[in-house]
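Report on one structure; see the data block that follows.
The values are calculated or read from the model by the stated rules, or taken from the named source; none is laboratory data. Predicted model, so just to flag it, every value in this text is computed and none were measured. Note that we place each Cβ from the backbone using ideal geometry, even for glycine, and neighbour counts take in every protein chain shown.
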């Protein structure tokens, strides 16, 4: 059996959260290694690209969140075997990663500069990505993105929309998802109510 250790910030969200959820959903044993923000300078020195998450798989360290998520998704039967469906799944993963990059780019800002940048995101890219994701969800049938069953695409989008709605991001309205993409907001509530996901957060 593979020994896995996932290293990321001690937060319920971010790029490692879909991986954690996939591990939990698939019943995969792993060490959930979390650290505080003040520890990041020392942690990053031990990573290949000075960034997290990283997965220690047996004795090999692997980086890149979507790559790790796809690997875990395959182990947990949360990734399509059909090549075309896998393409659609990857499309969702990479689009949400693009949207995340745009938001993360504002993290070092403050004051009016932060307000202006976030308001521009809300009016432009975030609205665009939310509406795009909603259209993809509708193409998938309305409940799930891929093959009418839970996949890592659902987990990736769920973590993203949950973060946008949580009220932790200054100048991002908590009703942004609901107002721009109501079906995506319903998807967030639907995924949150699934037994593996709700049990994860209860723990």
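Remarks
- Subset of the range 98-116 [closer than 30 Å to residue 70 by Cβ and in contact (Cβ under 8 Å) with a residue 40 or more places away in the chain]: 99, 100, 103
- All of 113, 91, 59 fail the test of being over 23 Å from residue 12 (Cα atoms) and at pLDDT below 95, apart from 59.
- The strands (runs of 3 or more DSSP E) found entirely in the range 30-129 that carry 3 or more residues being surrounded by fewer than 16 Cβ atoms within 10 Å (Cβ to Cβ) and in contact with a strand residue (DSSP E or B) (Cβ under 8 Å, 6 or more places away or on another chain) are 31-35, 60-63.
- A Cβ distance below 7 Å, combined with a sequence gap of six or more or placement on separate chains, defines the contacts here; from the range 46-57, residues that are touching a residue at least 40 places away in the same chain (Cβ under 8 Å) reach residues that are assigned to a loop (DSSP other than H, G, I, E, B) and buried (at least 16 other Cβ atoms within 10 Å of the Cβ) in the pairs 53/15; 53/16.
For every residue, the table says whether it meets (1) closer than 27 Å to residue 74 by Cβ; (2) touching a residue at least 40 places away in the same chain (Cβ under 8 Å).
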site	(1), (2)
131	no, yes
143	yes, yes
152	yes, yes
167	no, no
181	no, yes
188	yes, no
